[in-house]
Amino acid sequence: MKKYLGLLGLAASAVLAHHGTGVSYDASKPVNVKGVVTEFRYANPHPQLYFDVKNEKGEIVHWSGEFYPNAAQLQQIGWGKKRSLEALPIGAEVNLTLAPSRAGTPVGAILKLTNMQGEILMGVDGSGPGGPPPTPADKKQ
């Protein structure tokens, strides 16, 4: 019996450990930053983008951004790990709109991510996870 109670407790703690993005981030106060990609992790529960941003004083601040769609959802819309690494190589300059951390740390949920040419790489349109950037065929329409 103790064995089963221990397993039940472990399972309950795993369920409670997952955060809700609305609890962690404040989408009502989006921030815009320009950054340089330092790392990209395509993993569950949400892929992570790490990037450096210069603050008002010219100092480098290390940020991380969490994608709203999880890795499985990104796969379903054609945004796999290889495509992510090609679009977000280390050193790439990007513009981001983030729902900032409610704790005030340099962390956020990525609402919109564009490259320096202004092409949307990932975004949330207000109704749910955004899709991958348009393909060349999409741009012709």
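The values are calculated or read from the model by the stated rules, or taken from the named source; none is laboratory data. As the structure is a prediction and not an experimental result, all values here were calculated from the model. Here the Cβ positions follow ideal geometry from the backbone for every residue, glycine too, while neighbour counts run over all protein chains shown.
For segment 35-67, the set of residues classified as over 15 Å from residue 101 (Cα atoms) and either over 15 Å from the mean Cα position of the chain (by Cα) or of a type in the set (Gly, Ala, Ser) (or both) consists of 35, 43, 53, 54, 55, 56, 57, 58, 59, 60, listed by residue number. Of the residues that make up segment 103-113, is at least one at pLDDT 90 or above, of a type in the set (Ser, Thr, Tyr) and surrounded by fewer than 19 Cβ atoms within 10 Å (Cβ to Cβ)? Within segment 103-113, one or more residues are at pLDDT 90 or above, of a type in the set (Ser, Thr, Tyr) and surrounded by fewer than 19 Cβ atoms within 10 Å (Cβ to Cβ).
Please verify whether residue 102 is of a type in the set (D, E, K, R) and touching a helix residue (DSSP H, G or I) at 6+ places or on another chain (Cβ under 7 Å), treating the condition exactly as stated. Spell out the reasoning first.
On the way: of a type in the set (D, E, K, R): yes; touching a helix residue (DSSP H, G or I) at 6+ places or on another chain (Cβ under 7 Å): yes.
Against the criterion (of a type in the set (D, E, K, R) and touching a helix residue (DSSP H, G or I) at 6+ places or on another chain (Cβ under 7 Å)), residue 102 qualifies.
Can you give me the number of residues within segment 68-104 that are touching a Ser or Thr at 6+ places or on another chain (Cβ under 9 Å) and not small (Gly, Ala, Ser)? So that I can check it myself, show each step before the final result.
Step one: filter segment 68-104 for residues touching a Ser or Thr at 6+ places or on another chain (Cβ under 9 Å), giving 68, 74, 78, 90-91, 94-97, 99, 101-103.
When the remaining residues are screened for being not small (Gly, Ala, Ser), the result is 68, 74, 90, 94-97, 102.
Going through segment 68-104 one residue at a time, the tally reaches 8.
The residues on offer are 65, 58, 78, and the sole one that is among the small types (Gly, Ala, Ser) and without any contact (Cβ under 8 Å) to a residue 24 or more places away in the chain is 58. Sub-9 Å Cβ pairs linking a first residue in segment 112-134 that is of a type in the set (Asp, Glu) to a second residue that is modelled with pLDDT under 70, at least 6 apart or interchain, are 119/133; 119/134; 125/131, ordered by first then second residue. Only one of (1) over 18 Å from residue 45 (Cα atoms); (2) at pLDDT below 75 fails for residue 88. Which number is that? Of the numbered conditions (1) over 18 Å from residue 45 (Cα atoms); (2) at pLDDT below 75, the odd one out for residue 88 is (2). For segment 84-102, which residues satisfy the criterion of being surrounded by 16 or more Cβ atoms within 10 Å (Cβ to Cβ) and in a helix (DSSP H, G or I)? Across segment 84-102, the qualifying residues are 84, 87.
Among what's in segment 114-138 and is more than 24 Å from residue 81 (Cβ to Cβ) and modelled with pLDDT under 85, pick the residue that is surrounded by the most Cβ atoms within 10 Å (Cβ to Cβ).
Our first condition is that a residue be more than 24 Å from residue 81 (Cβ to Cβ); within segment 114-138, this holds for 118, 126-127.
This time we only want the ones that are modelled with pLDDT under 85, so: 126-127.
On the way: 126: 8, 127: 6.
Filtering first and then ranking leaves 126.
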